[in-house]
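Trainee: The structure is given below, and queries will be raised subsequently.
The values are calculated or read from the model by the stated rules, or taken from the named source; none is laboratory data. Nothing here was measured: the structure is a model prediction, and the numbers come from that model. Methodologically, a virtual Cβ is constructed for each residue, glycine included, from the backbone with ideal geometry; neighbour enumeration extends over all protein chains shown. Protein only, heavy atoms only, side chains kept; ligands, DNA and RNA dropped before computing areas. Shrake-Rupley method; radii C 1.70, N 1.55, O 1.52, S 1.80 Å.
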Amino acid sequence: MTLIDDIRSYQPFNEQEEVDRQVIVRQMESDPCVFDRDSLAHMACSIWTVDPTASQTLLVYHNIYNSWSWIGGHADGERDLARVALRELQEETGVVGARLVTSCGPGGIFSLEVLTVDGHEKRGTYVGSHLHLNVTYLAVASPDEPLRVKPDENSGVRWVPLEDAIALSTEPWIRDRIYRKLIDKLALVDLALLS
């Protein structure tokens, strides 16, 4: 199946996911440039990475948002967002031995979000406000793997207890709507799939 088929088949966890799933599908159907940053609303992905006991998650201190954050990035023309998510995890944290939990949903989708991105400076250039049509994947990694920062994107990488992801975020909507949802959804995942 293609990514749009996986998203159409995805069973939303809550009202936010149902509404956002519809927005993502409409944009994918109508915008041939949806996988490129040139589109005002474009595809992106995140990877919610947990340890094998699902008691910790891996966060980066995101330079643009000035907040501890999950890991993610733009599709930039790539249609295999699971591969993009794993690549972003490696680039932003140094973690190379993570594996996706593919039983979460069609195509391994763990969550869906439409995320607003305020205008900001990146590498000395202004980037206008836009939307990320975000597909989130769940990954498992060992906290024993060496970590490293990616200085042009983050200034810290660390494992934290799940609830600390909420406490450490300075973004109220992400904290209360997205991280809370991801933690609640994680409680429904069979821990045997993580080991």
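Trainee: Any idea how far the Cα center of region 18-51 sits from the one of region 54-116, in Å?
Mentor: Cα centroid of region 18-51 versus Cα centroid of region 54-116: 14 Å apart.
Trainee: Could you derive backbone 3J(HN,Hα) for region 29-38 from the dihedral phi with the Karplus parameters 6.51, -1.76 and 1.60 (θ = phi - 60°), listing whole Hz in sequence and x where the residue is Gly or Pro?
Mentor: Here the 3J(HN,Hα) series is 6, 9, 10, x, 9, 4, 8, 10, 5, 5 Hz.
Trainee: Here's something else I'd like to know. Modelled label-to-label distance, Val160 and Arg83, 7 Å Cα→beta-carbon offset: nm?
Mentor: Here the answer is 3.2 nm between the modelled labels.
Trainee: Can you check how the C-alpha radius of gyration of region 57-195 compares to 2.2 N^0.38 Å, as a plain ratio?
Mentor: The value comes to 1.02.
Trainee: Could you tell me which of rounded, prolate or oblate describes region 47-102, using a ≥ b ≥ c as the square roots of the eigenvalues of the alpha-carbon gyration tensor, with rounded for a/c under 1.5 and, failing that, prolate when a/b is larger than b/c and oblate otherwise?
Mentor: oblate
Trainee: Taking K and R as +1 and D and E as -1, what net charge do the other residues with C-beta under 10 Å from the C-beta of Pro143 add up to?
Mentor: -2
Trainee: Compute the semi-axes of the equivalent ellipsoid of region 1-94, taking the square root of 5 times each eigenvalue of the Cα gyration tensor, and list them largest first in whole Å.
Mentor: Semi-axes, largest first: 24, 17, 13 Å.
Trainee: Place a +1 charge on the Cβ of each Lys and Arg in the chain and a -1 charge on the Cβ of each Asp and Glu, then give the dipole magnitude about the Cα centre in debye, rounded to the nearest 20. Could the numbers behind the result be given before it?
Mentor: On the way: 18 positive and 30 negative charges, 33 e Å.
So the dipole magnitude of the chain works out to roughly 160 debye.
Trainee: Please give the length that would be gained between Val117 and Val149 if that part of the chain were fully extended, namely 0.36 nm times their separation in residues minus their C-alpha to C-alpha distance (nm, one decimal).
Mentor: Full extension of this stretch gives 9.3 nm more.
Trainee: Going by the alpha-carbon gyration tensor, a ≥ b ≥ c the square roots of its eigenvalues, is region 80-159 rounded (a/c under 1.5) or, if a/c is not under 1.5, prolate (a/b greater than b/c) versus oblate? Write out the running numbers ahead of the final one.
Mentor: Numbers: a/c = 2.68, a/b = 1.20, b/c = 2.24.
In terms of gyration-tensor shape, oblate.
Trainee: Using a/c under 1.5 as the rounded threshold, could you call region 84-128 rounded, prolate or oblate? The axes a ≥ b ≥ c are square roots of the C-alpha gyration tensor eigenvalues, and prolate needs a/b larger than b/c, oblate otherwise.
Mentor: Taking the square roots of the gyration eigenvalues as a ≥ b ≥ c, region 84-128 is oblate.
Trainee: Around Phe110, which amide H atoms from residues at least 5 apart in sequence, or from another chain, sit under 5 Å from its own amide H, with H modelled in the peptide plane?
Mentor: Amide H to amide H, under 5 Å and 5 or more residues apart or across chains, Phe110 pairs with Thr136, Tyr137, Leu138.
Trainee: How about Lys122: which lysines have a C-alpha closer than 26 Å to its C-alpha, ignoring those fewer than 8 places off in the same chain?
Mentor: Cross-link targets: Lys150.
Trainee: Let me check I've understood the local charge: for Lys181, count other residues with C-beta under 15 angstrom from its C-beta, Lys and Arg +1, Asp and Glu -1. What total comes out?
Mentor: On the way: positive: Arg21, Arg175, Arg177, Arg180, Lys185; negative: Glu15, Glu17, Glu18, Asp20, Glu113, Glu163, Glu171, Asp176, Asp184.
Once positives and negatives cancel, what remains is -4.
Trainee: Also, quick follow-up: What are the ³J(HN,Hα) couplings of region 79-94, residue after residue, when phi is run through the Karplus curve with 6.51, -1.76, 1.60 and θ = phi - 60°? Round to Hz, x for glycine and proline.
Mentor: Coupling constants for region 79-94: 9, 8, 5, 4, 5, 4, 4, 5, 5, 4, 4, 5, 5, 8, 10, x Hz.
Trainee: When the solvent-accessible surface of protein heavy atoms is calculated with a 1.4 angstrom probe, in what order do Asp20, Asp38, Asp5 fall, highest first?
Mentor: My answer, sorted largest first, is Asp38, Asp5, Asp20.
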